[in-house]
Amino acid sequence: MELNELPPKDGAQRAYCDICGGPLDLIFERFHVTVSGIEIDIDGLPMLECTGCSFRTLPDRSRFSIMQAHEITTKKDATIFKSKRKKIEDVFDYTDVPFQYDPDDYYYYPGLARPWNLGFLTPIFFNRTVLTKYDADPRYLIRYASPTYGNITYMDDFAFPFGINRHGHLIMWLGDIAKLPKSEQYYLMSENRPSDHSLGSEFYDGQIECKFTDPPQEDILFKERSNFLAAAFKRWGEKIAHLDTEVLDLARRLHRPVHDTPAQRHSTSDTLNKIHLESLNNAKLGEVVATQGIVCTGTGSLKRLQALLSSVGDATQVNKLMSPFYTLYDFRVAYSHLGSTQGAAATMRKVTDRLGLMEEADLQTIYNQLLLKMTASYTELIKILENKQPSDTSDGGA
């Protein structure tokens, strides 16, 4: 390697792989390379690595360290520089609550170190079980922009963003956490964990890179689900869905099916059903129905939700908007292996009819249409909950 290869050529180093475009993790490895005639041997040098294709590159600060090592060795008229790097132990003075974090993340991960607000963007990592309190406590509301990026709000007092990385760990910024009440900080500290140096996430993309690509339909649907649940919470003061952490796992793994087989139809319909139907808290819906004095014709979660929505909006319109969710339920039943082949075929005819598709429609077509219709229904049902006039829809009834 030549010395002139080290300075950044196209601006500051970014956190994305040059080969596949995937996110990079911060790692600490031995750098043993001859640089313009000087043997540089540094143990524990911060590097950036793509977990997808094993591409490696150097953060800007590491590049400057190598250049400085070369300069020191040249001035000594030597040919070898050997060192074991000491980790940075800076403590950023934002809060006296003793969170554990790694200052190396702040100094070496691209885009975090700033000449102002030193240490503000230090990432703090948490076990995902930290969400349990916020999911259960009715004073808190979690709103998701996607399955890996969200915002936690406490009544009208405060809010803070979070991300979920590929290991399932939550990430928040030290500066944001320091603005929270001490009681909140101590709760977070109880779920604080060591850094895994993996910041690649939609949280990082949005917060640091201001990178907002067109989201896939799955993320659009999940966001509208989150907005719908938030609107229902505002309307009735109750959380009508539960199992948020389990739902997140499923939502993160949900992708457009590639093959059309009975097994894939079962898997796809079952996953969608768990995210959008089984996550409804039927007991809580029953409580709200009883509290509101509403007459409901059934005891299932969809029937109770429909009765609640009909109590605040036009029943015929609500009936049409609920249709995609009943369709999803039927789609799953058709491939649940509980009925006859003839019964499954009849159920699937009902599914394709409701979706406005040909009977022989393939899984990809059914999946796309179902996601579009559920998204549209969530959007219109939010309007009903907010006392706004919903758009006209021609979906079939439930």
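Please treat every number below as a calculation from the coordinates, not as lab data. Predicted, not measured: the structure shown is a model, and the values here were computed from it. All Cβ positions, glycine included, derive from the backbone under ideal geometry; neighbour counts span all protein chains shown.
From the helices alone, meaning DSSP H stretches of at least four residues, give me the mean residue ellipticity at 222 nm for the chain, per-run term -39500 (n - 2.57), in deg cm²/dmol to the nearest 500.
On the way: 14 runs with 169 residues, N = 398.
My calculation for the chain gives -13000 deg cm²/dmol from helical runs alone.
At Ala283 and Asp270, where each label point lies 7 Å from the Cα along Cα→Cβ, what is the point-to-point distance in nanometres?
2.5
Given the C-alpha centroids of region 7-30 and region 347-382, what is the distance between them in whole angstrom?
Using only Cα atoms to place each centre, the spacing works out to 42 Å.
Rounded to the nearest 0.05, what FRET efficiency is calculated for Glu386 and Lys211 with R0 set to 41 Å and r the Cβ-Cβ distance?
Values: r = 30 Å, r/R0 = 0.74.
Rounded to the nearest 0.05, the efficiency is 0.85.
In nm, to one decimal, how far is the Tyr186 label point from the Thr379 one, both placed 7 Å along Cα→Cβ?
4.6
At what distance in angstrom do the alpha carbon centres of region 247-306 and region 141-193 lie from each other?
First find each Cα centre; the distance between them is then 26 Å.
Under the Kirkwood approximation for Rh and a Cα-based Rg, what ratio Rg/Rh is obtained for region 48-118? Mind showing how you got there, number by number?
Numbers: Rg = 15.9 Å, Rh = 15.0 Å.
When Rh is taken as the Kirkwood radius, the ratio is 1.06.
Which three extents, in angstrom, do the Cα atoms of the chain have along their principal axes, listed largest first?
Rounded to whole Å, the extents work out to 88, 50, 35 Å.
By how many nm would the segment from Arg252 to Glu360 lengthen if fully extended, with 0.36 nm per residue of separation less the alpha-carbon distance? Provide the component values of the computation, followed by the final result.
Numbers: separation 108, 0.36 × 108 = 38.88 nm, distance 2.92 nm.
That pair, Arg252 and Glu360, stretches by 36.0 nm at full extension.
Rg/Rh for region 179-289: what does it come to with C-alpha atoms and Rh from Kirkwood?
Numbers: Rg = 17.7 Å, Rh = 17.2 Å.
Result for region 179-289 is an Rg/Rh of 1.03.
Would you please classify the overall shape of region 88-213 from the alpha carbon gyration tensor, given that a ≥ b ≥ c denote the square roots of the eigenvalues, rounded means a/c under 1.5, and beyond that prolate means a/b larger than b/c while oblate covers the rest?
Working: a/c = 1.58, a/b = 1.21, b/c = 1.30.
Oblate, since a/c reaches 1.5 and b/c is not below a/b.
When the expected Rg is taken as 2.2 N^0.38 Å, what fraction or multiple of it is the alpha-carbon Rg of region 158-224?
Values: Rg = 13.7 Å, N = 67, 2.2 N^0.38 = 10.9 Å.
Rg over 2.2 N^0.38 Å, computed on Cα atoms: 1.26.
With helices defined as uninterrupted DSSP H runs, which ones in the chain have an alpha carbon span along their own long axis of at least 30 Å and mean Kyte-Doolittle hydropathy of at least -1.0?
Numbers: long enough: 363-385 (32 Å, 0.55).
Result, helices passing both filters: 363-385.
Would you mind getting me the FRET efficiency between Gln68 and Val97? Use the beta-carbon distance for r and R0 = 35 Å, nearest 0.05. Before the final figure, lay out each step's value.
Working: r = 35 Å, r/R0 = 1.01.
The formula returns an efficiency of 0.50 here.
For the pair Arg85/Phe28, report the inter-label distance in nm, with labels modelled 7 Å from Cα in the Cβ direction.
Reported label-point gap for Arg85 and Phe28 is 0.9 nm.
At q = 0.14, 0.15, 0.16 Å⁻¹, what is the base-10 log of I(q)/I(0) for region 216-398 according to the Debye formula with one equal point scatterer per Cα and no solvent? Please give it to two decimals.
Log10 of I(q)/I(0), two decimals: -0.76, -0.87, -1.00.
With θ taken as phi - 60° and the coefficients 6.51, -1.76 and 1.60, list the Karplus ³J(HN,Hα) couplings across region 202-211 in order, rounded to whole Hz; mark glycine and proline as x.
Whole-Hz 3J(HN,Hα) from phi for region 202-211: 5, 4, 5, 4, x, 7, 9, 8, 6, 9.
Which percentage, to the nearest 5, of the DSSP beta bridges contained in the chain is antiparallel? All intermediate terms of the calculation are to be shown ahead of the outcome.
Numbers: 35 of 40 bridges.
Within the chain, antiparallel bridges account for around 90 percent of the total.
Would you please classify the overall shape of region 258-341 from the alpha carbon gyration tensor, given that a ≥ b ≥ c denote the square roots of the eigenvalues, rounded means a/c under 1.5, and beyond that prolate means a/b larger than b/c while oblate covers the rest?
On the way: a/c = 2.68, a/b = 2.18, b/c = 1.23.
Prolate is the answer for region 258-341, as a/c is 1.5 or above and a/b outweighs b/c.
Cβ neighbours within 10 Å, averaged per peptide: list 62-74, 356-368, 268-280 in order, most packed at the top. Present the calculation step by step, with values, prior to reporting the outcome.
On the way: 62-74: 16.6, 356-368: 15.1, 268-280: 20.2.
Highest-to-lowest ranking by the protection proxy: 268-280, 62-74, 356-368.
Binning every alpha carbon pair distance of region 3-84 at 10 Å from zero, what are the percents per bin?
18, 46, 29, 7, 0
May I ask you to derive the relative contact order of the chain, considering only C-alpha pairs under 8 Å and at least 6 residues apart, and to give it as an integer percent?
On the way: 607 pairs, mean separation 46.7, N = 398.
Computed over the chain, the figure is 12 percent.
List the aspartates and glutamates whose alpha-carbon lies under 18 Å from that of Lys239, not counting same-chain residues fewer than 8 positions away?
Asp135, Asp137, Asp156, Glu224, Glu278, Glu287, Glu386
Looking at the square roots a ≥ b ≥ c of the eigenvalues of the Cα gyration tensor of region 285-393, which shape do they give, rounded for a/c under 1.5, prolate if a/b is larger than b/c, or oblate? All intermediate terms of the calculation are to be shown ahead of the outcome.
Values: a/c = 2.93, a/b = 1.54, b/c = 1.91.
Here region 285-393 falls in the oblate category.
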